[in-house]
Amino acid sequence: MCKFKYDSFWRDAASDKTIADWLVDRGSLTGRIQQRCTEFSVHAVRSGLARIARDEALLLGVIPHQLAFSREVYLYADGLPVVFAHSACARKHLRGAWHAVRGLGSRPLGALLFSLPLVERKPLHCKLLGKSHRLYQRAVARLPNPPENLWARRSLFYLNGAPLLVTEVFLPAILSLPQAENHLKKF
């Protein structure tokens, strides 16, 4: 049994009905996007040791201001960025449970997480990010006309008792993706 820290920093549900379905789906976000597009890709922004936010550090059991492993990527569907993803784990777990995340490059983390049967996903928590939030600021870097706010979700994944925090910030183009059954009928 792993020690689970409840995410009291973010809330449990989104009030925005247009994005709620994306925020609460517990399956692979990567897989869901791939079902709705012809061309899927991951564009790596950065990967390595970095300072993470205080709330992230507390969830991961990392001393605030201590370096942790952090990876940031954009998920693209048919040439458009649809999600900005940020993941973090304690540096000590890079030599253990989460050693595989270091070398992902432009491969999706979701494919790794959902292929490991021992990975346990904890509840999803949501937050509406405003312009002052650091993840909002990084997420909109590739958007020509950023919206006022962006919805994000995050959850802890555990492997052998080691936590990995995955945060996904939904960009406006996510709402333009077709329904899976409609997209598949095109082929």
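The values are calculated or read from the model by the stated rules, or taken from the named source; none is laboratory data. Not measured: the values here are computed from a predicted model. With ideal geometry, Cβ positions are generated from the backbone for all residues, glycine too; neighbour counts draw on all protein chains shown.
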How many residues are closer than 20 Å to Arg54 by Cα and surrounded by fewer than 19 Cβ atoms within 10 Å (Cβ to Cβ) if we restrict to region 136-154?
-> 2
Would you kindly identify the strands (runs of 3 or more DSSP E) lying entirely within region 75-180 that contain at least 1 residues that are in contact (Cβ under 8 Å) with a residue 60 or more places away in the chain and among the β-branched types (Val, Ile, Thr)?
-> 80-89, 162-170
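Let's see how each residue does on (1) under 17 Å from Ala50 (Cα atoms); (2) buried (at least 16 other Cβ atoms within 10 Å of the Cβ); (3) of a type in the set (D, E, K, R):
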position: Leu94; (1), (2), (3): yes, yes, no
position: Gly105; (1), (2), (3): yes, no, no
position: Pro108; (1), (2), (3): no, yes, no
position: Phe114; (1), (2), (3): no, yes, no
position: Lys122; (1), (2), (3): no, yes, yes
position: His125; (1), (2), (3): no, yes, no
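With the condition kept exactly as written, say whether any residue in region 57-65 is in a strand (DSSP E or B) and either aliphatic (A, V, I, L, M) or modelled with pLDDT of 95 or more (or both). If you could, list the steps in order and put the result at the bottom.
Within region 57-65, the subset in a strand (DSSP E or B) is none.
Within region 57-65 (the criterion being in a strand (DSSP E or B) and either aliphatic (A, V, I, L, M) or modelled with pLDDT of 95 or more (or both)), the answer is no, since none of the residues qualifies.
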Given (1) more than 25 Å from Ile63 (Cβ to Cβ); (2) out of contact with any Cys (no Cβ under 6 Å at 6 or more places or on another chain), where does Leu165 come up short, assuming only one miss?
-> (1)
Test set (1) over 17 Å from the mean Cα position of the chain (by Cα); (2) closer than 24 Å to Leu171 by Cα - Gln66 fails condition number | (2)
Got a number for residues in region 45-88 being among the basic types (Lys, Arg), surrounded by fewer than 20 Cβ atoms within 10 Å (Cβ to Cβ) and in contact with a strand residue (DSSP E or B) (Cβ under 8 Å, 6 or more places away or on another chain)?
-> 2
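Condition check: surrounded by fewer than 20 Cβ atoms within 10 Å (Cβ to Cβ), touching a residue at least 40 places away in the same chain (Cβ under 8 Å) and part of a strand (DSSP E or B). Does Ser41 satisfy that? Break it down stepwise before answering.
Details: surrounded by fewer than 20 Cβ atoms within 10 Å (Cβ to Cβ): yes; touching a residue at least 40 places away in the same chain (Cβ under 8 Å): yes; part of a strand (DSSP E or B): yes.
Answer is yes for this residue.
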